[in-house]
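First up is the structure itself, then whatever we jot down about it.
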Amino acid sequence: MVTSFTVKSVATFIGKEKRLGRFRDLVSLSSMENQTKNKIYFHYNHTDSCNSARWTARESYQFMYERPWQDVLHFFSNVVNARLTLSTMFGTDNGPQVSTCIDVVDDDYKTSEVCDEKEERCGRWERVTFKIILSYSGYAFDGWQKQPGLNTVQEIVEKSLGRFVDDKKARLLKEKSKPLEGCAVVAGRTDKGVSAIRQVCSFYTWRKDVKPCDIEGEINSAAPGKLRVVSVSEVSRVFHPNFSAKWRRYLYIFPLNDQENEKQCCENEKEVESFSFARNCNEPSNKCVESSSSENVENLIFGNNKEFEAPNKPTCFSVCRVNQLLRHLEGKLLSYKMFARDTKASRNIGPPTECFMYHARAAEARIPCLVHEEGRKVMCVELVANRFLRKMVRVLVATSIREAAAGAEEDALLKLMEATCRRATAPPAPPDGLCLVDVGYTDFNPKNCLIP
C-alpha cells in the first residue's frame, strides 16, 4: 500500500514539473521577444576627427558582405589546384620567388638536422617525422580543427594518415574503440571559409617503410579538387609546425564592385589630405561602456534596431589610404587585443596579445581568369607577422577599410590599439577573401613579398 502511494505521488510530482517547465519556457520565450523588440545597440563614440562619419557595425558588415565573393573563391580554387599562381594576379615574379626561396631554405635546414640525427636515433626516440605542406579551398571545409559532425581539414588528413601509424598505436586505438587515425600538428588553425596555399603540418610514426610519396597519394585521394598536398618531406623530430615558425603570411582579397570608381575615391582622398585634423586636447579618451554606470556614458552612443543614421556617411574608400594606414603597423610590437575576437580571457592582456608586424601593405590588382576575359578589380592586403590572434586579419582589414572611407588620420589604427572595447573596431570581414599563403621557419626577408 505504501509502495503504490509512493509511486503515484512521484508520478503526480513529475507531471507538475513538466507543466511548470513548459510554462517557464513560454515565459522565457516571451521575455526574449520583448528584449529583441526593445534591444538597444551600443555604438562606440570615436573622439578623433575624420572627414566623414564612420560606419556603424551593421553598415560596415553590409558594405563588406555585399560583394561578388564568388570570383575570389573561384580564384583560390584555381590556385589550390595549381591552375593559377598568386604572381599572375600582381603581374610580377614575386610569387614564385617566395615559394622557391622558402623551399630551398627549409630543405637545407631539415636535411642537416636529419643527417645529424640518424646516428643518434635509438629506442623509443627512433621515429620518423614528416613535414606536410597542404593547399585547400576554404569554402569546402568547416575550418581546420576537427569537430564532431563537421567536415574539417584535420579530420580528412588524420583519417588519411591512419594507414601509416605503427602497430603499437593502432592496437591502443583499437582497445579504446577509437578510429584508426594519425595525429597531425598544424602551424595555425584556419577558420571556416579560410583557404590556404601552403599550410604546414607534421606527422610522426615509428614505421620505417613509410615514404613521402605514399602520404602524398593517400591525402590527395581523400578530397580531390578541394585538398592537395604540395610536398611531403622527412624532417628532424624536434621540428614543430607552430613553435618552430618565425612568421606567417596572410593575403586578403577584397573584390570591388563594378560601380566603384577608383577615380572618385582618389578625389575623396585629396579631400582627406587637405582636411584639418585639429583635435581638442581636452576631449576624453576613447572608452566603452560595459555597464550602465554614469561615469562611462559620455563615450557611448545609444541606438535602436533601426539603422544608425548620420548625415555624412561615405560610399567608397581609397586603396591608397588603406595602404597608408597599414604601413604604420610595420616594424612594431603592438597589442592587437582590440582586433581579436572570441579569445579566452587569459589571452586578452599582456604578451599573449602582442604581435610583431613585419609587413603590412595594400594594393589594387585584378583576379586573373583562365579565359581571355579581363579579371575583376580587387584590393589585396598582405600581412606578415610572427603570430596572429583569432580573426585578427579579418578585423584589421575591415577596420582599415572603414577608417579609410571615413578619412581618418594615418595613425588611426595605432590609436585604436589604446581603446578599451572591441566595439571600437569593425566586425570581421568575410572569411571568403582570406588565405594563409605560407609559413616561414627562417628569418623574414622583406624582398620576398607579394606587395612591395
- Those residues of the stretch 121-171 that are under 31 Å from the mean Cα position of the chain (by Cα) and on the phi > 0 side of the Ramachandran plot come to a total of 2
- In this structure, is C201 under 19 Å from G143 (Cβ atoms) and modelled with pLDDT under 95? no
- Within the set of pairs 6+ apart or on separate chains, which have a first residue in the stretch 132-152 that is open to solvent by 70 Å² or more (accessible area, probe 1.4 Å), a second that is β-branched (V, I, T), and C-beta atoms under 7 Å apart? Q145/T152; K146/T152
- Determine whether the stretch 410-425 contains at least one residue that is within 19 Å of I197 (Cβ to Cβ) and touching a helix residue (DSSP H, G or I) at 6+ places or on another chain (Cβ under 6 Å). no
- Residues of the stretch 394-416 satisfying the condition of being closer than 22 Å to V80 by Cβ and open to solvent by 10 Å² or more (accessible area, probe 1.4 Å): R394
- Query: Would you call R58 modelled with pLDDT under 90, open to solvent by 80 Å² or more (accessible area, probe 1.4 Å) and among the basic types (K, R)?
  - Reply: no
- Given the conditions (1) under 30 Å from L434 (Cα atoms); (2) at pLDDT below 95; (3) in a strand (DSSP E or B), report the number of the one that I301 does not fulfil. (1)
- Task: Filter the stretch 427-441 down to residues that are assigned to a helix (DSSP H, G or I) and out of contact with any strand residue (DSSP E or B) (no Cβ under 6 Å at 6 or more places or on another chain) and give me whichever is most open to solvent (accessible area, probe 1.4 Å).
- Result: D432
- Query: Taking the stretch 417-426 on its own, how many of its residues are surrounded by 23 or more Cβ atoms within 10 Å (Cβ to Cβ) and either more than 17 Å from the chain's Cα centre (by Cα) or of a type outside the set (S, T, Y) (or both)?
  - Reply: 1
- Task: Could you tell me whether F444 is open to solvent by 20 Å² or more (accessible area, probe 1.4 Å), under 18 Å from A340 (Cβ atoms) and aromatic (F, W, Y)?
- Result: no
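The values are calculated or read from the model by the stated rules, or taken from the named source; none is laboratory data. Predicted, not measured: the structure shown is a model, and the values here were computed from it. For neighbour counting, all protein chains shown are included, and Cβ atoms are generated from backbone atoms with ideal geometry for every residue, glycine included. All accessible areas refer to the heavy atoms of the entire protein, side chains included, with ligands and DNA or RNA removed. Shrake-Rupley method; radii C 1.70, N 1.55, O 1.52, S 1.80 Å.
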